[in-house]
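First comes the structure, then the notes that go with it.
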Amino acid sequence: MKILETTAAVAQWRLNTSGVIGLVPTMGNLHAGHMALVNAACQRCDRVIVSIFVNPMQFGPNEDLATYPRTFDADCAALRHAGVEAVFAPSVSEMYPQNGASLTTVHVDDITGMLCGNRRPGHFDGVATVVAKLFNIVRPNRAFFGEKDFQQLAVVRRMSADLCTGVEIAGVATVRDADGLALSSRNQYLTADERRRALALPGAIGDCVTALRRGDRDFRSLEARAWSRMSDAGFDPDYVEIRQPDLAPATAASSAFRVLAAGHLGQTRLIDNMGMTV
Ligand code: PAF
């Protein structure tokens, strides 16, 4: 497996690489959720490149950029084992060569002005910008993103379509621990007690899905009940929203729903979502 640290090295690799190229963008600290993306890419592409880059542009001033877990050697071992052909692990100055700054920002309108976008100003500009850069550097045919970050997936899909990148965006189902908590690098910040209480997040979302399946369409009271379940467990909820899969507001006539929630448990911000089709 090649470790490529510069855009020039990726360009060189790309010159000698044919077939369907799959890209899995990550910030490292790989867990089974990332490996599901990698395995999907290996199945659906001839060659797979994984990027590992903790992108400063998508972190807010009071967020966990400095402490974000970095486990490069273990990540590479897992990727080698999975059959990945190359890892792109650039420095910040490689990705933001103009003194670490970027005068050019990719902003996806509308779908970033809700949910996590309201709570993390600038976050999705950082994501859309770095993913657009990665697409330009790697020029993949397909790129793989987890449904756990459902709004991010929608933003990336729209960015890719609007900018005519030609990159096909593949969404991969969320991987959960046996007890239902969605895998996230941030789960390791939780104390043992918080880890137990964190189950209220998938629990509250699951309650909404069950009620929607039963035909309940009183979205506001379902959201309020889910909010209470999270608060009772110690969460400071950011949002609980029942929407359509394209993130438009749900209506009684909708044939598919996505329930999305986020909140802080102690110092840790967790997000999750589940879908259901009528
Ligand atoms: O989901 C992530 O890990 C990041 O937001 C991504 C897509 C790698 C962009 O930095």
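The values are calculated or read from the model by the stated rules, or taken from the named source; none is laboratory data. Keep in mind that what you see is a predicted model, and the values were worked out from it rather than measured. Every residue, glycine among them, receives a Cβ derived from its backbone with ideal geometry; neighbour counts consider all protein chains shown.
Taking the criterion of being farther than 14 Å from Ala154 by Cβ and of a type in the set (Val, Ile, Thr), the residues of segment 96-112 that qualify are Thr104, Thr105, Val106.
Matching residues to (1) part of a helix (DSSP H, G or I); (2) within 14 Å of the ligand (Cβ to nearest atom); (3) surrounded by fewer than 15 Cβ atoms within 10 Å (Cβ to Cβ); (4) not hydroxyl-bearing (Ser, Thr, Tyr):
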position: Lys148; (1), (2), (3), (4): yes, yes, no, yes
position: Arg157; (1), (2), (3), (4): yes, yes, no, yes
position: Ser160; (1), (2), (3), (4): yes, yes, no, no
position: Thr165; (1), (2), (3), (4): no, no, no, no
position: Gly171; (1), (2), (3), (4): no, yes, no, yes
position: Gly203; (1), (2), (3), (4): yes, no, no, yes
position: Arg229; (1), (2), (3), (4): yes, no, no, yes
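Within segment 27-57, the set of residues being surrounded by 23 or more Cβ atoms within 10 Å (Cβ to Cβ) and part of a strand (DSSP E or B) comprises Val48, Ile49, Val50, Ser51, Ile52.
Assessment of segment 210-230 against the conditions (touching a helix residue (DSSP H, G or I) at 6+ places or on another chain (Cβ under 8 Å), under 22 Å from Thr191 (Cα atoms) and of a type in the set (Lys, Arg)) yields at least one matching residue. Within segment 82-126, the set of residues being in a strand (DSSP E or B), more than 14 Å from the ligand (Cβ to nearest atom) and at pLDDT 95 or above comprises just one member, Ala86.
If you go through segment 2-13 and pick out every residue that is in contact with a helix residue (DSSP H, G or I) (Cβ under 7 Å, 6 or more places away or on another chain) and buried (at least 16 other Cβ atoms within 10 Å of the Cβ), you end up with 3. State whether the residues of segment 70-79 include one that is assigned to a loop (DSSP other than H, G, I, E, B), at pLDDT 95 or above and closer than 28 Å to His264 by Cβ. Checking segment 70-79: at least one residue is assigned to a loop (DSSP other than H, G, I, E, B), at pLDDT 95 or above and closer than 28 Å to His264 by Cβ.
Which one is nearest to the ligand (Cβ to nearest atom), of the residues in segment 173-194 that are in contact with a helix residue (DSSP H, G or I) (Cβ under 9 Å, 6 or more places away or on another chain) and acidic (Asp, Glu)? Per the criteria, the residue is Asp177.
Put simply, of Arg220, Arg225 the only residue that is in a helix (DSSP H, G or I), basic (Lys, Arg) and closer than 18 Å to Asp272 by Cβ is Arg225.
Across segment 187-201, the number of residues qualifying as over 25 Å from Pro245 (Cα atoms), buried (at least 17 other Cβ atoms within 10 Å of the Cβ) and in contact with a Leu (Cβ under 8 Å, 6 or more places away or on another chain) comes to 4.
For Ser51, state whether it is within 15 Å of the ligand (Cβ to nearest atom), under 17 Å from Glu5 (Cβ atoms), small (Gly, Ala, Ser) and in contact with a helix residue (DSSP H, G or I) (Cβ under 6 Å, 6 or more places away or on another chain).
yes
Does Asp75 satisfy being within 18 Å of Asp162 (Cβ to Cβ) and more than 17 Å from the chain's Cα centre (by Cα)? Considered against the rule, which asks whether it is within 18 Å of Asp162 (Cβ to Cβ) and more than 17 Å from the chain's Cα centre (by Cα), Asp75 comes out as no.
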